[in-house]
Amino acid sequence: MGKYFGTDGFRGEANVDLNVMHAYKVGRFLGNYYGKDHKARVVIGKDTRLSSYMFEDALSAGLTASGADVYLLHVTTTPSVSYVIRSEEFDCGIMISASHNPYYDNGLKVLNGSGHKLEAEVEDMIEQYIDSPEDDFSFATRENIGKVTDYSVGRHRYIGYLMSLATRSFKDIKVGLDCANGSATSVAKGVFDALGARTYVIHNEPDGTNINRDCGSTHIEVLQQFVKEKGLDVGFAYDGDADRCLAVDDKGNIIDGDLILYICGCYLKERGELKNDTVVTTIMSNLGLYKAFDKKGISYEKTSVGDKYVYENMMNNGHILGGEQSGHIIFRKYAATGDGVLTSLMLMEVILEKKMLLSELTKDITIYPQLLNNVKVASKPAARQDEEVIAAVEAVEKELGEDGRILLRESGTEPLIRVMVEAKTDEMCKKHVDSVIEVLKRRGHVVL
């Protein structure tokens, strides 16, 4: 974790933590870094936030001033930027988005020439350049100045690619889509309509300030109600930049990332297509998922929280399916990043091929109750390393045995210790979370 770049790019409140000069200097750096021996080509996408237009202009100014040519996808999804980079051999790409955050935040997600998140060492170099009082990069002049090109065609090609992945028609399937008033508004409905679904869409009218507001994957209860009211077969909810997807089944139940991994993992294994018979998860995935995988003969690997780490593991070990409970699901055969609309299509494939309702596909998995509390502390390392805290965690582990687990971890971006317990009942979860927090308080680590 750097000063500006976290696990998901450079993010903060627009013109407070992340301002136009930051964006300009990111553009200046990337234009020079990728343009050392040729004219760099950089593609930019954005979500629907009011500030995204301002950052698009600032990035374009920095890039073209450094001699790079800029191609604008306009409002589009993060995975579409990754797809265009890979399929059309751009040097890098930038997605302007703060994902599931409120509209007043924004972020710069930089993807390398392979469509993956930028290497940490390059992010470090960008941070050094941003903070340096000196600007050693020359400005392009005359015919070497970069140009900006409307590249909506790239987004359309991505939409065509998604449609090509569908194995059969969605005719007569009633599908609900919650586009979160974000990037999915430019992609999702068109894909489902073209594939023949009877598509019912909500939160598809962005105004610059309503992205993620009481909608999308962070407010899945809205889609749950919509699916039940309309009698839909299935619903899909996306986040602001549409790299996440959560689903709602025909009974109105939430199908989170863990359940999506279970459904798709089992389906791929049945077809002999789950490479290494392994699914990659993060440490936050539910114990019930692992127990269900054990019964199905599916192995799993656990990474730190963040789809960046999931993808690194998949790349290093040749796995093809991985993701997070939050709905970042990576199908490595088709994409280099989490892709919400692609995830929807993969779930539709399972539903149609197995001729089963989504609710039926989860009948063999039991998700354990889970409670996560965030505790503000004076020092994360001191709290984690306190012997009495360690002893309290070990006592919980011993009492839970194989019927639960406790996880204590530091937040990567805030002064928080996260205490998470999974157990057979909600009451047990609360009892054990409270017991550890009480020790943190007694030992003087908690900041009120």
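Throughout, read-outs are computed from the coordinates displayed, never taken from laboratory work. Bear in mind that the values here come from a model prediction, so they are computed numbers and not experimental data. Virtual Cβ from ideal backbone geometry, glycine too; neighbours counted across all protein chains shown.
Go ahead and set up a Gaussian network model of the chain, Cα springs under 10 Å, then flag whichever of D294, D233, D178 fluctuates most.
Comparing D294, D233, D178 in the GNM, the peak value goes to D294.
List the extent of the Cα atoms of the chain along each of their three principal axes, largest first, rounded to whole Å.
71, 59, 41
So how do K269, K109 line up by other beta-carbon neighbours within 10 Å, fewest first?
K269, K109
Given charges of +1 on the Cβ of Lys and Arg and -1 on the Cβ of Asp and Glu, with all other atoms neutral, how large is the dipole of region 309-363 about its Cα centre, in debye to the nearest 20?
Around 160 debye, computed over region 309-363.
Please state, as a whole number in µm²/s, the translational diffusion coefficient that the Stokes-Einstein equation yields for region 5-153 at 37 °C and 0.692 mPa s, with Rh defined as the Kirkwood radius across alpha carbon pairs.
For these conditions, the coefficient is 221 µm²/s.
Under the Karplus relation 6.51 cos²θ - 1.76 cosθ + 1.60, θ = phi - 60°, what is the ordered set of whole-Hz ³J(HN,Hα) values for region 354-362, x standing for Gly and Pro?
With coefficients 6.51, -1.76 and 1.60, one gets 8, 6, 10, 6, 4, 5, 6, 6, 10 Hz.
Quick one: Karplus J couplings for region 277-283, per residue in order, coefficients 6.51, -1.76, 1.60, θ = phi - 60°, nearest Hz, x for Gly and Pro?
6, 10, 10, 9, 10, 9, 5
Between G6 and residues 5 or more places away or on another chain, which pairs have amide H atoms under 5 Å apart, with H built 1.01 Å from N, and which residues are they?
Close amide H contacts, sequence-distant or interchain: R11.
If you place +1 on the Cβ of every Lys and Arg and -1 on the Cβ of every Asp and Glu, how big does the dipole about the Cα centre of region 370-442 come out, in debye to the nearest 20?
Taking the Cα centre of region 370-442 as origin, the dipole is about 300 debye.
Hey, what's the Cα Rg ratio for region 259-346 versus the globular rule of thumb, 2.2 N^0.38 Å?
Taking N as the residue count of region 259-346, the ratio is 0.94.
Under 10 Å, Cα contacts only: if you run a Gaussian network model on the chain, which one of I255, I417, I94 comes out with the highest mean-square fluctuation?
With Cα springs under 10 Å in the chain, the top fluctuation among I255, I417, I94 is at I417.
Have a look at R409, R11, R244 and tell me which one the Gaussian network model of the chain (Cα, springs below 10 Å) gives the largest fluctuation.
R409
Once the Cα gyration tensor of region 370-442 is diagonalised, what are the square roots of 5 times its eigenvalues, in whole Å and ordered largest first, as equivalent ellipsoid semi-axes?
20, 13, 10
Taking the Cα centre of region 131-256 as the origin, how large is its charge dipole in debye, to the nearest 20, when only Lys and Arg (+1) and Asp and Glu (-1) carry charge on their Cβ atoms?
It comes to approximately 860 debye.
Put +1 on the Cβ of every Lys and Arg and -1 on every Asp and Glu Cβ in the chain; which of Y34, G154, V175 then has its Cα farthest towards the positive end of the dipole?
About the Cα centre, the residue reaching furthest to the positive side is V175.
Got a sec to turn the phi values of region 153-165 into Karplus ³J(HN,Hα) couplings, 6.51 cos²θ - 1.76 cosθ + 1.60 with θ = phi - 60°, whole Hz, x for Gly and Pro?
Per-residue couplings from phi come out as 4, x, 5, 5, 5, 4, 4, x, 4, 4, 4, 5, 7 Hz.
Of G338, N316, M356, which is farthest towards the positive pole of region 300-448's charge dipole, taken about the Cα centre with +1 and -1 on the beta-carbons of Lys, Arg and Asp, Glu respectively?
Highest projection toward the positive end goes to G338.
How do 162-172, 66-76 rank on mean C-beta neighbours within 10 Å, highest first?
66-76, 162-172
For region 1-152, what is the relative contact order in percent, using Cα pairs closer than 8 Å and at least 6 residues apart in sequence?
30 percent
Report, by chain and number, residues whose modeled amide H sits under 5 Å from the one on Y71, excluding near sequence neighbours (fewer than 5 apart, same chain).
Hits under the 5 Å cutoff: V42, V43, I44, T149.
Counting other Cβ atoms within 10 Å, which trypsin sites (Lys or Arg not before Pro) in region 28-101 have at most 13 and lie in a DSSP loop?
K36
Where the eigenvalues come from the Cα gyration tensor of region 75-199, what are the semi-axes √(5λ) of the equivalent ellipsoid, largest first, in whole Å?
The equivalent ellipsoid of region 75-199 has semi-axes of 35, 18, 13 Å.
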